[in-house]
Amino acid sequence: MAAVRRADATWNGDLPSGKGRVSASSSGAYKDLQVSWARRSEPDAQGVTSPEEFLAAAHASCFAMALSAGLGRAGTPPEQLDVNATVTFDREGEGFKVVSSQLEVRGKVPGIDAEGFKKAAEGAKDGCPISGALKGNVQLSVNATLV
């Protein structure tokens, strides 16, 4: 059976001065988080989230699960993976676009060397479902370090 997830957004006003709210309808994990164009398009978020921050969270968590699965299948399950995803939203032409998602992973993985960990991280970057949704449209990269 397919997993279906849902989120809801409400927007009030025009783009430059308007504000919105977003909620996780499926899980209820978050409700009425504020979004705004001003906070989305400027470097300082000032406590307001954005679609790009949600995308970064989705990519980081998806990648962590994919890497854990791959390492486990290889007989070297991780003790801990700390993943950071940095999603860049920038002007392109006359509009804006998500241009990149950079993954950084630090892992405590007994029984694997640095080269094997980097190879596993590349495989997870290419194989995680969120990466699959972004491929061909967003530049993807990963930097993997054993600790």
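Just so it is clear, none of the values below were taken in a lab; they were calculated from the coordinates. Predicted, not measured: the structure shown is a model, and the values here were computed from it. Positions of Cβ are generated from backbone atoms using ideal geometry, with glycine treated the same way; all protein chains shown enter the neighbour counts.
Are there trypsin sites (Lys or Arg not before Pro) in the stretch 86-147 that DSSP puts in a loop and that have at most 14 other Cβ atoms within 10 Å, and which ones?
Passing sites in the stretch 86-147 are 135.
Considering only lysines 8 or more places apart in sequence, or on different chains, count the pairs in the chain whose C-alpha atoms sit under 27 Å apart.
11
222 nm [θ] for the chain, helices only, -39500 (n - 2.57) per DSSP H run of 4+, per residue, to 500?
-10000 deg cm²/dmol
Multiplying the sequence separation of residue 3 and residue 88 by 0.36 nm and subtracting their Cα-Cα distance, what value in nm do you get? Mind showing how you got there, number by number?
Working: separation 85, 0.36 × 85 = 30.60 nm, distance 2.78 nm.
Using 0.36 nm per residue and subtracting the Cα-Cα distance, I get 27.8 nm.
Once the Cα atoms of helix 51-73 and of the chain are each reduced to a long axis, what angle between those two axes, in degrees from 0 to 90 to the nearest 10, is obtained?
Taking Cα atoms only, the helix is inclined about 20 degrees.
Any idea what the relative contact order of the chain is, in percent, if you count C-alpha pairs under 8 Å spaced at least 6 apart?
Here the relative contact order equals 17 percent.
Could you work out how far helix 114-127 tilts from the main Cα principal axis of the chain, as a 0 to 90 degree angle to the nearest 10?
40 degrees
Which longest run of the chain has no exposed loop site in it, a site being GluC sites (Glu not before Pro) in a DSSP loop with at most 14 other beta carbons within 10 Å, and the site itself not part of the run?
It works out to 1-78.
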